[in-house]
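Written below as structure tokens is the structure these notes are about.
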Amino acid sequence: MPLANPLHYPLAMFCAALVLGVGVRGLALPRWLMFPVAVGIALGGSVVLQKRETQPPTLDDPVLAREIQQLRQQVQGLLQGAEKVRAEAARLLMDAPDLDLLITVQEVCDQVQTLPQALEQRVQKLHQNDEAVLSVAGLEKQLTQVRRQKRRVGQVAGAQLDQLEASLVRNIQLAQMGQDTRLAQVTALATLVQDTAGILQQLQNQLRSCDIHNQQQLQELRGLSETLQGFEEQMTILVTRA
């Protein structure tokens, strides 16, 4: 850690000045002795204060902290799966008559890569005191986005959106009663990650057995890609709540 500037930490400077004043004026100690002591206190105090600032806050709920850690691990597994699918799609679909499917698969895999950063930003908000109870306005905004998305997705993603809608309605009721809904939101995210991983595995399996000149099989692959895209949009809604 780089050396902290004591001038940026008034508390450290105050303690150093107090020690210097007490030593020189109160105890009649020589200035040449007390000055290095005061400088050391200022530097040491500023380092301690800087370290406290850079340490991430801890969650007050150990169950929630454990669920978030598991969610991080699931997202990392999803990233690895997306990379494998991206590589196989590039190898197997490059000679397909229509390259739109390859582009769609690559776009979905690119979206997966953005999840870790978005998730960490959401976790940081959960540490804030005003996030202990999710705002009703924020949850209602999520619910509006989910209902809008339901009108333009397929059956599989639509069923998942029904579950997410029910979860959001329940969370709104909890928030209105002043209860903590952070764990419920993390659980909803974990469910989406698991479902996304399942569809990603199906996509990988079909890629390996796909006849690129069979339009029906290509259409099935496209359907899975669109379903994945729907799940990614749902996770985006959850992790970017205003």
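Remarks
- Selection from region 213-235 of residues that are touching a residue at least 24 places away in the same chain (Cβ under 8 Å) and out of contact with any helix residue (DSSP H, G or I) (no Cβ under 7 Å at 6 or more places or on another chain): His213, Gly223, Glu226
- Hey, Asp98 modelled with pLDDT under 80 and in the same structural domain as Glu220 (by the TED database) or not: yes
- Taken across region 168-175, residues that are at pLDDT 80 or above, of a type outside the set (A, V, I, L, M, F, W, C), more than 19 Å from Glu220 (Cβ to Cβ) and open to solvent by 10 Å² or more (accessible area, probe 1.4 Å) do not occur at all.
- When the residues of region 71-113 are filtered to those that are open to solvent by 80 Å² or more (accessible area, probe 1.4 Å) and of a type in the set (S, T, N, Q), the one that is farthest from the chain's Cα centre (by Cα) is Gln80.
- Test: Gln149 is assigned by the TED database to the domain that holds Gln219, part of a helix (DSSP H, G or I) and at pLDDT below 80: yes
- Looking only at region 194-236, residues that are of a type in the set (A, V, I, L, M), more than 19 Å from Ile103 (Cβ to Cβ) and buried (at least 22 other Cβ atoms within 10 Å of the Cβ) come to 1 in all.
The values are calculated or read from the model by the stated rules, or taken from the named source; none is laboratory data. Because the structure is predicted, anything quoted here is derived from the model rather than measured. Please note: Cβ atoms are built from the backbone with ideal geometry, for glycine as well, and neighbour counts cover all protein chains shown. The area values use the complete protein model at the heavy-atom level, side chains included, leaving out ligands, DNA and RNA. Shrake-Rupley method; radii C 1.70, N 1.55, O 1.52, S 1.80 Å.
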